[in-house]
1. Using Cα positions and a limit of under 16 Å, work out the lysines in reach of Lys350, with same-chain residues fewer than 8 apart set aside.
2. Cα-Cα over 32 Å: which of Lys87/Lys250; Lys140/Lys426; Lys182/Lys393?
3. Taking the Cα centre of each part, how many Å lie between region 59-89 and region 423-494?
4. What order do you get for 407-420, 26-39 when each peptide is scored by the mean count of other beta carbon atoms within 10 Å, highest first?
5. Just tell me which aspartates and glutamates come within less than 19 Å, Cα to Cα, of Lys318; anything on the same chain fewer than 8 places away is out.
6. From the C-alpha coordinates alone, can you work out the Kirkwood hydrodynamic radius of region 495-570, in Å?
7. Mind putting together the pair-distance distribution for region 330-420? All Cα pairs, 10 Å bins, whole percent per bin, short to long.
8. Which value, in nm² and rounded to one decimal, describes the direction-averaged projected area of the C-alpha convex hull of region 110-166?
Amino acid sequence: TVHRAWWKEASVYQIYPASFKDSNGDGIGDIPGIISKLDYIKDLGVDIVWICPCYKSPKVDMGYDISDYRDIDDQYGTMTDIEELVKGLHDRGMKLVMDLVVNHTSDQHEWFKSAIASKDSPYRDYYIWKKPKIGENGEKLPPNNWLSAFSGSVWKYDAKSDEYYFHLFATEQPDLNWENPKVRQEVHDVMRFWLEKGVDGFRMDAINFISKDPAFPDAPVTVPSSKYQNGAMYYALGPRLHEYLADVGKILIEYNAFSVGEMAHVFDPTEIIKVVGFDRNELNMIFQFELTDIDMGPAGKFSANNWTPRQFKDISNKWQVFMQKNGGWNALFLENHDSGRSPSRFVSDKPEFRGVVAKMLATYIGLQSGTLFVYQGEELGLVNMPKSWTIEKYKDLETLNYHKQLLLDGASQDVLDSAMTEFQKKARDHARLPFQWDSSDFAGFSTVQPWIDVNEDFKEWNAAAEVGDPLSVFSYWRSIFDLRRAYKNVLVYGKFELVDPTNEEICAYQRIFRSEVALVVTSFVDSAVTWTVPQEFLRPGKVVLSNYADVTELDAKMVLRPYEAFTYILS
Ligand code: TEU
Ligand code: CA
């Protein structure tokens, strides 16, 4: 059975407000800047815009540390600006999704300021506090050995109360205590506040972390060289997660709102289906990171891992097949604000291949089953910072904390060099460089030097150059969104099946809806490869997408050019 829904047919454009468009010449992107570019977004062909946080925040983590859920940060604009953004999108037939960051607040939130001021505060129990563990020599130690996402312990000592508070991310991002029904009520109220304003839904940040194992046990030692260990097994899918999400889901359904939850560290689809199963009424879909974490080693994000195209497509296949079999739904993405650019990270950003590679990756992800997300600049084929840029150019606390920790640990030059190699692929900074609008100063992003440097390639790679060019990466993404509309049955609702599944160089799949078939072929190699096309596809059809200007005919034995990608509709 086909469960149709508007949010399955929609595509989403993700905006990082600080880096999209600066309207007032302070070097930082803002909401009026976004409003000035709505026609550009509409022209791309997406249905929903998701903006990363722009609430009041000290911005230790670029706004993922919220100090007031009901106000907009001055840097980004005003409440009136947000209302105008909602209207501007609705007038163009698009929707607005906001980022809801409720695993934690900022330490500058009124709740936390009160909570840390006194153990008797009515807000004390909004956060997670524990007594120190006492060491062999009577010293005070963190209550357990869990590692924070941004290096160091997840516990921060508060001398005044002689207790530690818990923070999965930065010390300035204390985790909310969802065990407290008042906290849950506050979150529900915040959701209603924005939905009443006309916002169409939420991307729910780090949502699988809201319920923790109440015993907070020590994590097993998996990286002996590290003082702190990955405790995800105790906080990534806690015992009360589905109870909390069922409450949230009721509100979302009441407003017919869109929802996508972010769930790092979960690679088991039988867990995700408990959230996204069609009869579960929790969230519409989940960002899981099994595919995009493929280049991360066992020691975490900045450790290296070798992988093959075969493994890449096997992961996609696992989620595609599972969700279609079990009535769930996928969120499709290769980029976001927390990662490197996909050509640089997963394939190649060599100038001679760059456009072809960006289009190949768009083909690979864009025609699978699920709701498609594109991250600002991905539609232009933007790539990572140049390798010549040193650590001084990086601004993100994840990168800088990791680097600082290595220096503190007295890491050798070798270790520092390999960390730099991993930063060059995966640091969050790459995706946060200013959007490249045109070839004027600062890429048309701002009239002044932006808060983070503009990439060096902006004169050639920018929106103004690409929008009117039928062969640009931008036009290619537009074709993908067009195709998903024109061939909705097969491309949105069709069954997914790998083609030639054991091929090590070519990732091919088909989508099937009744007699309609879409054949999607992508080569992951930088040289020509021959491919024996399975017999069943040698029948009349038409090519609807190709990343080389001259299209290759489907033939029993064909030679695919470097990183070639094409799509046929067969009947
Ligand atoms: O990320 C949550 C998360 O689980 C991190 O591990 C994330 O995968 C990491 O940043 C990757 O390097 C979300 C947001 O997307 C991120 O920008 C925030 O910093 C984080 O939550 C805290 O709010
Ligand atoms: Ca600005």
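Just so it is clear, none of the values below were taken in a lab; they were calculated from the coordinates. Because the structure is a prediction, the values reported are computed rather than measured. Here the Cβ positions follow ideal geometry from the backbone for every residue, glycine too, while neighbour counts run over all protein chains shown.
1. Lys359, Lys387, Lys425
2. Working: Lys87/Lys250 25 Å; Lys140/Lys426 36 Å; Lys182/Lys393 42 Å.
Listed pairs above 32 Å: Lys140/Lys426; Lys182/Lys393.
3. Answer, in whole Å: 23.
4. Numbers: 407-420: 11.9, 26-39: 20.1.
Ranking, from highest mean packing down: 26-39, 407-420.
5. Within the straight-line cut-off, Lys318 pairs with Glu262, Asp268, Glu271, Glu290, Asp293, Asp295, Glu497, Asp500, Glu504, Glu505.
6. On the way: mean 1/r = 0.0800 Å⁻¹.
About 12.5 Å for region 495-570.
7. 14, 38, 28, 17, 3
8. Details: hull surface 17.3 nm².
That works out to 4.3 nm², a quarter of the Cα hull's surface.
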